[in-house]
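Student: Below is the structure I would like to discuss, written out as structure tokens.
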Amino acid sequence: MNEHDGKANDGAPPRLSVRGLAKHFTLHLRGGARLQVLRDTAFDVRAGECVALAGASGRGKSTLMKCLFGSYGSDAGSLRFDSSDGPVDIANIPPQRLLQLRRRDIAYVSQFLRAVPRVPALDVVAQRLVDADPAPPSDDLDDDAHARRMAAARDVARGLFARLNLPPALWDLPPATFSGGEQQRVNIARGFVQPARLLLLDEPTASLDAANRRVVIELVHEAKAQGAAVVGIFHDEEVRDAVADRRVELG
Amino acid sequence: MSEPLLRVRGLSHRFASARDERLAVRDAEFDLFPGEVVAIVGESGSGKSTLLNCIAGRITPTHGQVHYRDAADRWLDVHALTERQQRVLARTEWGFVEQNASDGLRLDVSAGANIGERLMGQGERHYGRLRATAQRWMERVELDTARIDDSPRAFSGGMRQRLQIARNLVTRPRLVLLDEPTSGLDVSVQARLLDLMRTLATRMHLCALIVTHDLGVARLLAQRTLVMRHGQVVEQGLTDRVLDDPQHPYTQLLVSSVVMP
């Protein structure tokens with residue numbers, strides 16, 4: 001596999017190829033009860049394509065997303081991903097390599113925002129952009145250069161906040177006290193600010209109004225046009241029909 | 001992927017004063033890589049501080065080795081070094097942030113002198129440069145530079161901890177060991193200190209090993225986490241995987257015992 005450009009192309013290998021994925025949980029606090037959630041799950045996603053995960057609640061949609069992000073381990077199978085430095089199996093890579101992929105290649109928008117307390121919303125988003133492209137070790141303590149990089153990243157973050165109609169009065173405040181919908185928009189901005197090769201969306205519009213749902217639809221279209229492979233859980237049918245190319249049924 | 005910075009192999013320690021055969025640390029084994037923050041979590045008495053002190057060279061372990069790759073790319077057996085060599089390493093390439101800031105600071109000299117001390121130990125004697133560097137570090141850790149001549153005795157707990165961090169980072173260490181650095185602080189002070197440590201660790205590409213009983217601290221600060229119980233590392237991995245998909249019964253118990261992990 002040496003085709004790494006971001007275009008959807010019938011001849012190219014898929015951006016993501018899931019095969020034989022299995023995942024269970026052993027609940028030691030409940031007498032070792034065993035919960036098999038995923039069994040022999042398989043599907044492909046091409047660059048520029050959006051796949052919607054379908055299936056009743058409890059069929060493992062969120063579990064699958066977390067296996068793809070690596071916050072859940074996989075019991076069996078492979079998660080072949082065409083990263084910016086070549087093919088990897090997300091189910092079988094060292095933590096350091098997975099962290100590297102998360103900094104640049106894989107973005108995950110969950111339903112809940114998790115951020116260091118007291119960090120302003122703008123910096124929550126700007127930091128992701130700066131982390132994706134770290135300063136060379138030689139000038140890592142050049143305070144002025146660091147301030148310039150953060151300032152440039154904050155400009156990009158402001159653009160996204162404006163598109164998502166987040167009130168400017170909130171931009172410099174830590175998101176802990178924001179409403180659910182406001183936190184969700186900070187989360188979306190953080191997920192989209194760094195162009196990803198694999199974009200994982202877990203109910204990205206759950207607490208948004210119609211206008212902001214449309215903004216998210218636009219953002220997903222733009223990400224696809226830039227070659228992202230998108231895997232999503234969308235309970236909102238309008239959003240799903242607007243962004244998804246096909247459905248993968250679980251369970 | 002880069003080469004490890006530190007290798008811990010088969011490390012066990014039994015305190016001479018222990019009444020039974022119980023090991024304070026049992027067969028610990030892991031690598032640390034440049035640029036990562038790693039947390040050791042566990043209840044008090046789990047052996048996490050003993051493990052940290054064995055790595056720092058402050059306790060000679062009963063068994064096992066700690067190997068460190070120095071700035072000249074040589075692998076050093078930390079416990080085979082002379083005391084003097086260990087001291088030099090501790091003042092140059094390593095940092096140690098104490099839980100109690102007064103153990104890591106000199107309270108009878110000014111804040112500026114506390115920051116400048118390690119630089120002077122490396123031969124810097126120029127007063128103007130020492131002072132300028134101390135001021136810059138006070139800014140980086142968000143301390144009021146007008147307080148440069150004050151004794152840390154007059155500082156709050158949070159300010160002392162910031163000063164201790166500046167004092168350690170001024171020589172650009174490659175490995176920093178932190179023992180419960182935020183545990184004595186108010187929650188709001190803790191949050192700002194965590195953000196500061198995270199930002200500096202990323203910018204300086206340093207490796208930090210932090211001992212904490214607080215899973216929230218591990219979640220926000222550390223990319224990887226080791227869980228200790230009765231002296232043993234029972235589980236280790238990516239922090240979010242350890243906390244969201246814990247495998248070991250003890251980790252499941254630990255995660256389910258906190259209000260907001």
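The values are calculated or read from the model by the stated rules, or taken from the named source; none is laboratory data. Predicted, not measured: the structure shown is a model, and the values here were computed from it. No Cβ is skipped: glycine too gets one built from the backbone with ideal geometry, and neighbour counts run over all protein chains shown.
Student: Determine, yes or no, whether B:Arg131 is under 23 Å from A:Ala147 (Cα atoms) and surrounded by fewer than 23 Cβ atoms within 10 Å (Cβ to Cβ). Walk me through it before giving the result.
Tutor: Numbers: under 23 Å from A:Ala147 (Cα atoms): yes; surrounded by fewer than 23 Cβ atoms within 10 Å (Cβ to Cβ): yes.
Yes: the conditions hold for B:Arg131.
Student: While we're here: Surrounded by 16 or more Cβ atoms within 10 Å (Cβ to Cβ), within 28 Å of A:Pro120 (Cβ to Cβ), of a type in the set (D, E, K, R) and at pLDDT below 95: which single residue out of A:Asp140, A:Asp236, A:Asp144 fits that description? Break it down into steps so the answer makes sense when it comes.
Tutor: On the way: A:Asp236 fails: within 28 Å of A:Pro120 (Cβ to Cβ); A:Asp144 fails: surrounded by 16 or more Cβ atoms within 10 Å (Cβ to Cβ).
Result of the check over A:Asp140, A:Asp236, A:Asp144: A:Asp140.
Student: Answer with yes or no whether B:Arg140 is within 14 Å of another protein chain (Cβ to nearest Cβ), modelled with pLDDT under 95 and crowded, with 18+ Cβ neighbours inside 10 Å. Give the derivation first.
Tutor: Numbers: within 14 Å of another protein chain (Cβ to nearest Cβ): yes; modelled with pLDDT under 95: yes; crowded, with 18+ Cβ neighbours inside 10 Å: yes.
Criteria met by B:Arg140.
Student: Taking segment A:67-79 as the search range and keeping residues that are within 11 Å of another protein chain (Cβ to nearest Cβ) and within 14 Å of the chain's Cα centre (by Cα), which one is nearest to A:Ala229 (Cα to Cα)?
Tutor: That would be A:Phe69.
Student: Looking at this structure, is A:Asp131 at the interface with chain B (Cβ under 9 Å from one of its Cβ atoms), out of contact with any His (no Cβ under 9 Å at 6 or more places or on another chain) and over 18 Å from B:Arg224 (Cα atoms)?
Tutor: Details: at the interface with chain B (Cβ under 9 Å from one of its Cβ atoms): yes; out of contact with any His (no Cβ under 9 Å at 6 or more places or on another chain): yes; over 18 Å from B:Arg224 (Cα atoms): no.
Taking the combined requirement at face value, the residue does not satisfy it.
Student: Okay, moving on. Which numbered condition in (1) in contact with a Ser or Thr (Cβ under 7 Å, 6 or more places away or on another chain); (2) within 21 Å of B:Cys207 (Cα to Cα); (3) part of a helix (DSSP H, G or I) is the only one that B:Gln135 fails?
Tutor: (2)
Student: Return the total of residues in segment A:65-101 being free of Cβ contacts under 8 Å to residues at least 60 places away in the same chain and part of a helix (DSSP H, G or I).
Tutor: Step one: list which residues in segment A:65-101 are free of Cβ contacts under 8 Å to residues at least 60 places away in the same chain, which gives A:66-67, A:70-77, A:85, A:88-90, A:92-101.
With the extra rule that they be part of a helix (DSSP H, G or I), the set shrinks to A:66-67, A:90, A:92, A:95-101.
So the count comes out to 11.
Student: Sort through B:Asp240, B:Asp244 and tell me the only one that's within 21 Å of A:Asp75 (Cα to Cα) and buried (at least 18 other Cβ atoms within 10 Å of the Cβ).
Tutor: On the way: B:Asp244 fails: buried (at least 18 other Cβ atoms within 10 Å of the Cβ).
Answer to the selection: B:Asp240.
Student: While we're on this one: Within segment B:165-188, does at least one residue satisfy the condition of being part of a helix (DSSP H, G or I) and among the acidic types (Asp, Glu)? Lay out the reasoning, then the answer.
Tutor: Looking only at segment B:165-188, we keep the residues that are part of a helix (DSSP H, G or I), and these are B:165-169, B:187-188.
Now restrict to residues that are among the acidic types (Asp, Glu): none.
No, that holds for no residue.
Student: When you go through A:Val45, A:Val51, A:Val18, A:Val37 one by one, which is the residue that is surrounded by 16 or more Cβ atoms within 10 Å (Cβ to Cβ) and free of Cβ contacts under 8 Å to residues at least 60 places away in the same chain?
Tutor: On the way: A:Val45 fails: free of Cβ contacts under 8 Å to residues at least 60 places away in the same chain; A:Val51 fails: free of Cβ contacts under 8 Å to residues at least 60 places away in the same chain; A:Val18 fails: free of Cβ contacts under 8 Å to residues at least 60 places away in the same chain.
Answer to the check: A:Val37.
Student: Report, by residue number, each residue of segment B:230-261 that is of a type in the set (Asp, Glu) and part of a loop (DSSP other than H, G, I, E, B). Step through it out loud before you land on a result.
Tutor: Our first condition is that a residue be of a type in the set (Asp, Glu); within segment B:230-261, this holds for B:235, B:240, B:244-245.
Answer for segment B:230-261, where residues must be of a type in the set (Asp, Glu) and part of a loop (DSSP other than H, G, I, E, B): just B:Asp245.
Residue by residue, here is whether (1) among the aromatic types (Phe, Trp, Tyr); (2) more than 19 Å from A:Gly227 (Cα to Cα); (3) modelled with pLDDT under 95 holds:
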site	(1), (2), (3)
A:Phe25	yes, yes, no
A:Leu29	no, yes, yes
A:Glu49	no, no, no
A:Leu64	no, yes, no
A:Phe81	yes, no, no
A:Pro87	no, no, no
A:Gln100	no, yes, yes
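Student: Going residue by residue through segment A:221-229, is there one that turns out to be crowded, with 19+ Cβ neighbours inside 10 Å, modelled with pLDDT of 95 or more, on the phi < 0 side of the Ramachandran plot and in contact with a helix residue (DSSP H, G or I) (Cβ under 6 Å, 6 or more places away or on another chain)? Let's see the steps before the verdict.
Tutor: The initial filter retains those residues of segment A:221-229 that are crowded, with 19+ Cβ neighbours inside 10 Å, namely A:223-224, A:227-229.
Right, trim to modelled with pLDDT of 95 or more and you get A:223-224, A:227-229.
So of that shortlist, the ones also on the phi < 0 side of the Ramachandran plot come out as A:223-224, A:228-229.
Checking the rest, the ones that are also in contact with a helix residue (DSSP H, G or I) (Cβ under 6 Å, 6 or more places away or on another chain) come to none.
No, because not a single residue in segment A:221-229 is crowded, with 19+ Cβ neighbours inside 10 Å, modelled with pLDDT of 95 or more, on the phi < 0 side of the Ramachandran plot and in contact with a helix residue (DSSP H, G or I) (Cβ under 6 Å, 6 or more places away or on another chain).
Student: OK, next. Taking the options A:Arg118, A:Arg114, name whichever one is on the phi > 0 side of the Ramachandran plot and at the interface with another protein chain (Cβ under 10 Å from one of its Cβ atoms). Please lay out each step first, then the result.
Tutor: Numbers: A:Arg114 fails: on the phi > 0 side of the Ramachandran plot.
Of A:Arg118, A:Arg114, the one residue that is on the phi > 0 side of the Ramachandran plot and at the interface with another protein chain (Cβ under 10 Å from one of its Cβ atoms) is A:Arg118.
Student: Further question: Given (1) at positive phi; (2) within 10 Å of chain A (Cβ to nearest Cβ); (3) acidic (Asp, Glu), identify the lone condition not met by B:Glu180.
Tutor: B:Glu180 satisfies every listed condition except (2).
Student: Hey, which of the strands (runs of 3 or more DSSP E) in segment B:1-80, taking only ones fully inside, have at least 1 residues that are touching a Leu at 6+ places or on another chain (Cβ under 9 Å), in contact (Cβ under 8 Å) with a residue 40 or more places away in the chain and not acidic (Asp, Glu)? Working first, answer last.
Tutor: Values: elements: B:6-13, B:25-32, B:37-41, B:63-69, B:75-77.
Counting at least 1 such residues, we get B:6-13, B:25-32, B:37-41, B:63-69.
Student: Just one of the numbered conditions (1) in a helix (DSSP H, G or I); (2) among the charged types (D, E, K, R); (3) surrounded by fewer than 18 Cβ atoms within 10 Å (Cβ to Cβ); (4) within 14 Å of chain A (Cβ to nearest Cβ) is not true of B:Arg153; which one?
Tutor: (4)
Student: Within segment A:190-206, does at least one residue satisfy the condition of being away from chain B (no Cβ under 14 Å) and farther than 28 Å from A:Gly60 by Cα? Lay out the reasoning, then the answer.
Tutor: We begin by selecting, within segment A:190-206, every residue away from chain B (no Cβ under 14 Å); these are A:190-199, A:201, A:203-206.
Next cut, farther than 28 Å from A:Gly60 by Cα only: none.
No, because not a single residue in segment A:190-206 is away from chain B (no Cβ under 14 Å) and farther than 28 Å from A:Gly60 by Cα.
Student: Of all residues in segment B:197-229, which are assigned to a helix (DSSP H, G or I), at the interface with another protein chain (Cβ under 10 Å from one of its Cβ atoms) and surrounded by fewer than 23 Cβ atoms within 10 Å (Cβ to Cβ)?
Tutor: Of everything in segment B:197-229, those that are assigned to a helix (DSSP H, G or I), at the interface with another protein chain (Cβ under 10 Å from one of its Cβ atoms) and surrounded by fewer than 23 Cβ atoms within 10 Å (Cβ to Cβ) turn out to be B:Arg198, B:Thr199, B:Leu200, B:Thr202, B:Arg203, B:Met204, B:Gly216, B:Arg219, B:Leu220.
Student: Taking the stated definitions as given, is B:Glu3 modelled with pLDDT under 95, within 14 Å of chain A (Cβ to nearest Cβ) and under 28 Å from B:Ala218 (Cα atoms)? Quick ask: steps written out before the conclusion?
Tutor: Values: modelled with pLDDT under 95: yes; within 14 Å of chain A (Cβ to nearest Cβ): yes; under 28 Å from B:Ala218 (Cα atoms): yes.
So B:Glu3 passes the test.
Student: Here is a further query. When the residues of segment B:6-46 are filtered to those that are more than 13 Å from chain A (Cβ to nearest Cβ) and among the acidic types (Asp, Glu), which remaining residue is farthest from B:Thr60 (Cα to Cα)?
Tutor: B:Glu43
Student: Do we find that A:Gly60 is surrounded by fewer than 17 Cβ atoms within 10 Å (Cβ to Cβ), in contact (Cβ under 8 Å) with a residue 40 or more places away in the chain and within 23 Å of A:Ile106 (Cβ to Cβ) in this structure?
Tutor: On the way: surrounded by fewer than 17 Cβ atoms within 10 Å (Cβ to Cβ): no; in contact (Cβ under 8 Å) with a residue 40 or more places away in the chain: yes; within 23 Å of A:Ile106 (Cβ to Cβ): yes.
It is false that A:Gly60 is surrounded by fewer than 17 Cβ atoms within 10 Å (Cβ to Cβ), in contact (Cβ under 8 Å) with a residue 40 or more places away in the chain and within 23 Å of A:Ile106 (Cβ to Cβ).
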